[in-house]
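Please read the structure below before turning to the comments.
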Amino acid sequence: MFSNILVVVDSSRAAHPELGRAITLARLSQGSLHIVDVVRDLTWLGKLFQQGAADAQAKAIQQCQVTLNQLVVQCAQQQVTATAEVLVGTSSQQIFAQAHKLKADLVIRYAKGQHSHSESKLGATAQRLIRWPPCPLWLHRAQHEPIKRIVAAVDATPDDSQHAAINKQILKTASELAGYHQADLKIIYVWTMYGDHLLKHHMPMAEYQRLVDYSRKEHVDNFAKLLTDNQIAAQAGQLLEGDASMIVPRYCSENQVDLLVCGTVARQGVPGLVLGNTVERIMNLVDCSILAMPLAKA
């Protein structure tokens, strides 16, 4: 599943549940971990005139490395190979660079830092990572361990190979995780008729209702085909109607979902998840852990 995992921790914390999640995945795939923490760099002014600040930063880096080395030992005790490194700079930039350098196939990080000032359910770094994920990204919430309920959100109407591939990856990964954790798995597809509000007020009601019924049947058929093509039992699927940015978080909350597996992009102007709009709103509203699958690079 995931064999080369970049784990981002906050070494100042007493516990690191995101590392526990990474160890579980590494053992599942016989993979390895690379553990990092990011220490903020000094400003150019601080570097020039504040020797005390530079000394404090050097001490922080040293202490951080000691903690990371201890985490490497913990991994070894659980038969997982790990390395550790302290990065210096802006957190999101360093994570991007390190993921590319290591050719990581997964980044795991806590969803929100303990000192975050963000009013949403994701911290600022997590939001930046979601917008431009370097690879699949797991935003971890410790309160949703162990994983008992998984939801995979798909777009059942893609007509291009890249978006179809995301659906396949979402379903495959969610199914494997559900099997490993013996968790309940639901596949949801939220649809709405594009331009619904405008059409409803500019068409005769009978004609509008026929259009809605036709559109609904098309989505039902597409969703059924997607499940069949991916060997997913029909009863595992649930078609929902409405605004995905409201429906998905509500569904996850009402069903006590522990992990939402979804894509980070979809086609503009059609049902599904759209980067910077619907996707971002969903991820800032859900309370569970998130596994986000990016669009594969051509």
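Tabulated data for the structure shown
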item	result
Relative contact order computed over the chain (Cα-Cα under 8 Å; 6+ residues apart), in percent	19
Pairs of Lys in the chain closer than 18 Å at Cα, counting only those 8 or more apart or on different chains	13
Area of Met203 that stays accessible when all protein chains are in place (1.4 Å probe, Å², to 10)	40
Cα-Cα separations in the stretch 71-128 greater than 18 Å, expressed as whole percent	49
Of Ala156, Ala104, Ala234, the one that fluctuates the most in a GNM where the chain has Cα springs shorter than 10 Å	Ala234
Loop-resident sites, the stretch 122-196, for chymotrypsin sites (Phe, Trp or Tyr not before Pro), counting at most 15 other Cβ within 10 Å (DSSP)	Tyr194
Lys, Arg +1 and Asp, Glu -1 on Cβ, resulting dipole of the chain about Cα centre, debye, nearest 20	480
The chain: radius of gyration and largest Cα-Cα distance (Dmax), Å	21.4, 76
Cα gyration tensor shape for the stretch 136-195, rounded if a/c is under 1.5, else prolate or oblate	prolate
GNM result for the chain, Cα springs below 10 Å: residue of Ala99, Ala58, Ala126 fluctuating most strongly	Ala58
Carbon/sulfur fraction of accessible area - the chain, other protein chains in place, 1.4 Å, %	52
Choice from Leu171, Leu87, Leu139 with maximal GNM fluctuation in the chain (Cα, 10 Å cutoff)	Leu87
Value of Rg to Rh for the stretch 135-260 (Rh from inverse mean 1/r over Cα pairs, i.e. Kirkwood)	1.02
Helix 244-254 vs. the chain, principal-axis angle (Cα, 0 to 90°, nearest 10)	70
Modelled FRET efficiency - R0 30 Å, Val220 with Trp132, Cβ distances, 0.05 increments	0.30
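The values are calculated or read from the model by the stated rules, or taken from the named source; none is laboratory data. Everything quoted here is computed from the prediction, not taken from an experiment. Neighbour counts are summed over all protein chains in view; Cβ atoms, including those assigned to glycine, are modelled from backbone coordinates with ideal geometry. For accessibility, only protein heavy atoms count, side chains too; no ligands or nucleic acids. Shrake-Rupley method; radii C 1.70, N 1.55, O 1.52, S 1.80 Å.
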